[in-house]
Amino acid sequence: MFAAITDHWLLLTIGGTAGLLLIVAIYDTMQRKHTILHNFPIVGHIRYWLEMIGPEMRQYWVANDKEEMPFNRDERSWVYASAKGENSNFGFGTTEQIYSIGYPIIKHAVFPFPEHKAEYISDDKTAIPCLKIMGQSHDRARPYHPQSVINISAMSFGSLGSNAVSAMNIGAREAHCFHNTGEGGISPYHGHGADIMWQIGTGYFGARDETGRFSLDVLAERVEANESIRCIEVKLSQGAKPGKGGILPGKKVSAEIAATRGIPIGRDCISPNAHSEFDTVDELIDWIERIAARTGLPVGIKSAIGSTGFWHKLAGRMRERGEGPDFITIDGAEGGTGAAPLTFSDHVSLPFKIGFARVYPIFQAQGISKDIVWFGSGKLGFPDRAVIAFAMGCDAIQIARESMLAIGCIQARKCHTDHCPAGVATQNRWLQAGLDVDDKAKRMTRYIQSFRKELLSLSYACGYQHPCQFNGREIEFSTGVNKFSKLHDVLGYTRDGTGLKETRASNATEPTLVE
């Protein structure tokens, strides 16, 4: 028999394959769930396979360099090259449509700030510390001075795998930036030494009692046991699904995630769409003050922007009471998420530039904008977008999906399925095994440092020592046919000054120091 198989292996292989295909064909024609498979047995499977790998393949074979979304090929190439320490320059000029409406132009100074006069705060020459101290204006017991204006934004353990969280935390530690936990609580993988911004959402994960309600005692115990926790961010809403709670599919809820969050294993984790601890502006301020008094830490809020009535009320009550958030993170609708209903992602909340521009002047009018540390988030992980955010009033930014790209994400858009091919947004052990923590941590560090290096180069080119000195007069937007307008004219306001001196000269033949 063995000799027969050896002599006729080709015929047997063909026969076995034909038999298998026959079985598949019979099954396809008998089933009634998929019309395509019934009408086109065997061949119909190719359609589903191509559909499954479509997002990964379109970005390489179909879309041009500027088409693929949410990040086009040029943007991803810049992040990848920066993270890998490779050449991040591009050749043969811009491929952008620079006359298109909304296109930004950063205007360089005739007399740039001389790089040889730059002052460095550490051996890392890319370091750019925030110019404000969180909690200082409200006399918190443990104020926090962020050492980087570029930081890692909120992505929960659960949405991301353990290797991805570890790589980001180690990368943040080496780049001296903070790592936002996301609302999924503080996992062991957040414990590699980076400063932590602990985000608390409507589910109060990591700060709950046995009944699932918020517990100030539990929160205080976690803070006392973890010196890396430097500030607390209360998430009111996020850009990708404002007004709706977080979504973690049950297939991602492993025993470890369940223990971190205090939830059942294998069941969908749907956070409430509203907080149970407060219903009014004054109750929010009271709650923030209780947390700050108990922990000593700066406490802030994160929100996407819809109606502005809340912000007018908040700014007014903060001025009257002299209390409230130490920092405010404004999230844009272009921000990403692991899972969200399509309508929420596409149509709910304002884009970052519109939303921030509506909120910041409200606090300026109350005279308290300088007392708050302002963060921006929502697709700001590129130097040009960061410059615009700083010019609008941000003191620092937080970046999420760009951080995922830095550690290997290929924009497969499988985050909600637990089948992330890059091992980033998955709990699948096999897929995670391909993400080497040490290597990806170095990539995370290099991305942050490369980002800051280019940000400094832009600042110097415009005559500034620090990117927060951008204020709107050196940025213009295309606002019509052959028409460009200054940013502060488009916005209707100018950001608060930093107090730093600049070398930018205006209507002068020689550079002078001006406030």
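Just a few scattered comments:
- Applying a threshold of 32 Å to the alpha-carbon distances of Lys252/Lys353; Lys125/Lys313; Lys84/Lys353; Lys235/Lys453 flags Lys252/Lys353; Lys125/Lys313 as lying beyond it.
- With 0.36 nm allotted per residue and the present C-alpha distance subtracted, the Asp123-Trp430 stretch has 106.6 nm of extension available.
- Which label in (i) 28.5; (ii) 31.5; (iii) 26.5 gives the computed mean projected area of the Cα convex hull in nm²: (ii)
- Contact order normalised by residue count of the chain, Cα under 8 Å, 6+ apart, percent: 19
- The distance from the alpha carbon centre of region 167-221 to that of region 413-488 is 23 Å, rounded to a whole number.
- Residues of type lysines that Lys251 reaches as a straight line, Cα spacing below 20 Å, ignoring anything fewer than 8 places off in the same chain: Lys414
- Model label zone, Ile101; criterion: amide N under 18 Å from point 7 Å along Cα-to-beta-carbon; scope region 352-394: 352-355
- Straight-distance crosslink candidates among aspartates and glutamates, where the alpha carbon sits under 16 Å from Lys440 and sequence neighbours closer than 8 are dropped: Glu86, Glu174, Glu402
- Approximate spin-label separation Phe484-Ile23, in nm, with each point projected 7 Å along Cα-to-Cβ: 6.7
- Rounded FRET efficiency, nearest 0.05, which uses the C-beta distance separating Lys33 from His419 and R0 of 22 Å: 0.60
- In degrees, nearest ten, helix 383-392 long axis to first principal axis of the chain (Cα): 40
- Ellipticity estimate at 222 nm from DSSP helix runs (n ≥ 4, -39,500 (n - 2.57)) divided over the chain, nearest 500: -11000 deg cm²/dmol
- Theoretical gain in end-to-end length, Ser307 to Glu210 [0.36 nm per residue, Cα-Cα removed]: 31.4 nm
- Spin-label pair Asn87-His108: with each label point 7 Å from Cα along the Cα-Cβ axis, the two points sit 2.0 nm from one another.
- Within straight-line reach of Lys107, meaning a Cα separation under 16 Å, sit the following lysines at least 8 residues removed in sequence or on another chain: Lys483, Lys486.
- Axis angle, to the nearest 10 degrees, between helix 43-52 and the longest C-alpha principal axis of the chain: 20 degrees.
- C-alpha long axis of helix 309-321 to longest principal axis of the chain, angle in °: 40
- Local electrostatic count, Ser450, Cβ distance below 11 Å [Lys/Arg +1, Asp/Glu -1]: +3
Each reported figure results from applying straightforward, stated rules to the coordinates on display, with no laboratory input. What you see is a predicted model; the values in this text were computed from it and never measured. Glycine also receives a Cβ, built like all others from the backbone with ideal geometry; neighbour counts cover every protein chain displayed.
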